[in-house]
Amino acid sequence: MSDLAKNDTLKNLGLFALVGGLIVIVGFVQGWNTAVLIINMGLISAIMAIGVNLQWGFAGLFNVGVMGFVALGGLATVLVAMPPTTEAWTAGGRGVAIALLLGAATIVGAVQVMKRMAPGHKRTIALLAVLVIGFFVYRAVFDPAVEAIERVNPAGTGYLGGLGLPVLIAWPVGGLLAAGAAWLIGKTALGLRSDYLAIATLGIAEIIIAILKNEDWLTRGVKNVVGIPRPVPYEINLQKDPGFVESAANLGFDPVTASTLYVKFGYGLLFLAVLLVVLWLAQMALKSPWGRMMRAIRDNEVAAEAMGKNVTARHLQIFVLGSAVCGIAGAMMTTLDGQLTPGTYQPLRFTFLVWVMVIVGGSGNNFGSVLGAMLIWFLWVEVEPMGLFVMELVTSGMADGSALKAHLIESAAHMRLLTMGIVLLLVLRFWPRGLIPET
């Protein structure tokens, strides 16, 4: 290994050690529960960042619809892990299934008309007839079934529920749901120029969120799905276990604190295992001939196409892969939260912040994405309390009731956005390729 490579390795290890040290300080100052929670969400964010890095760092695809794929991962946990609502299935489950089949048949029929009929007025009329008739038949079956489902105990259920399977199965299913949606989107949007692709993916992500918010029969809408099963024990069960209580006491912890840390460490180990697998696969892909081909396409599409590479097919491939990774991360995050809340999916948190992680860490470098995710998430959580501390320190000499003092203290709530902007500007100015640039 050359001296330059050794220096880069030491620098990268130092950056990771710095972030780790900051989290350790939080553990001593604010408590280890907060520190472990930062680690867990940082691990999930790192997986999201790797997904975006696959698309942008490997292929130059500007996907601003990350939020939608993360939300589909969250939906997977409901469809897989929640128990089925038997009364709802009896009331309208069959009707919804038939309606969805009719909708699919309408789409297939429209495609067949487009393929089998020659272009002209007759094909246009036939296509409109298939779509209009199919739509009204679909709604005639779908609407009564949905109304029947949503009338079943709307305060507690009012939806079909899931399959009642272990929640860990939902993580790969979340990836499959996101991959399927990405394939449909990519078949139509990947031919667009980068700025139009960004607009299209953002709009489609908003459509996905709108569906989750309004289709109560599927996700309970804004009433949220709570009580999603866990892959780790519940704290209350641990607190009732005499053996666990005794072990906690021997370590100097009270049962409540010990049970909370135990559960969060359990989640952390699961998330770390998934991150290591995703990171290893991404690294293998990066170093493979396929990865070199993707970077060649990213750098010069015209030259790659002249060499016989199918640029559109490769873009679709990596768009699907990156979206699947984001879907897995979305399922993991919903599992950690224990509930699906469609109203919380906001572009600022699930698109902009992930992009900041990738840019700050270093696009094109998977380890940079992990570093950027851990650092940016740490700042996202800690900047507001640190800002409040600074403002209280600055205004400590001001009189109580001062309008300026109140304004400065209230402004601490906006420190997150200000800090993200400053960090992004500093990195783009002094490290334009990111903290760990592509090699």
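The values are calculated or read from the model by the stated rules, or taken from the named source; none is laboratory data. Source: prediction; values computed, not measured. FYI the Cβ positions are ideal-geometry reconstructions off the backbone, even for glycines, and counts take in every protein chain you see.
Quick notes on this one:
- Per-region count, the stretch 36-60, residues surrounded by 24 or more Cβ atoms within 10 Å (Cβ to Cβ) and either polar (S, T, N, Q) or not in a helix (DSSP H, G or I) (or both): 3
- Qualifying residue in the stretch 413-433 (condition: polar (S, T, N, Q) and surrounded by fewer than 18 Cβ atoms within 10 Å (Cβ to Cβ)): no
- Which numbered condition residue 277 misses (of (1) loosely packed, with under 15 Cβ neighbours inside 10 Å; (2) of a type in the set (A, V, I, L, M); (3) under 24 Å from the mean Cα position of the chain (by Cα); (4) closer than 26 Å to residue 32 by Cβ): (4)
- Residues (crowded, with 16+ Cβ neighbours inside 10 Å, of a type in the set (Asp, Glu) and at pLDDT below 90) located in the stretch 216-255: 235
Listed here are the residues, each with its yes/no results for (1) without any contact (Cβ under 8 Å) to a residue 12 or more places away in the chain; (2) polar (S, T, N, Q).
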position	(1), (2)
157	no, yes
160	no, no
177	no, no
180	yes, no
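- Scanning the stretch 221-258 for residues that are within 30 Å of residue 71 (Cα to Cα) and part of a loop (DSSP other than H, G, I, E, B) yields 224, 227, 228, 229, 230, 231, 232, 233, 234.
- Matching residues in the stretch 153-165 - criterion: being more than 13 Å from residue 96 (Cβ to Cβ) and touching a helix residue (DSSP H, G or I) at 6+ places or on another chain (Cβ under 7 Å): 157, 158, 162, 163, 165
- Test: residue in the stretch 386-395 that is farther than 30 Å from residue 277 by Cα and part of a loop (DSSP other than H, G, I, E, B): yes
- Residue ID - surrounded by the fewest Cβ atoms within 10 Å (Cβ to Cβ), chosen from residues in the stretch 1-13 that are of a type outside the set (A, V, I, L, M) and closer than 26 Å to residue 285 by Cα: 2
- Note on the stretch 152-181: among residues that are touching a Lys or Arg at 6+ places or on another chain (Cβ under 9 Å) and outside any helix (DSSP H, G or I), the one that is surrounded by the fewest Cβ atoms within 10 Å (Cβ to Cβ) is 155.
- The residues of the stretch 182-215 that are part of a loop (DSSP other than H, G, I, E, B) and basic (Lys, Arg) amount to a single one, 193.
- Of 80, 96, 29, all but one fail to be more than 25 Å from the chain's Cα centre (by Cα), of a type in the set (Val, Ile, Thr), assigned to a helix (DSSP H, G or I) and buried (at least 18 other Cβ atoms within 10 Å of the Cβ); the exception is 96.
- So residue 210, is it loosely packed, with under 13 Cβ neighbours inside 10 Å and under 23 Å from residue 77 (Cβ atoms): yes
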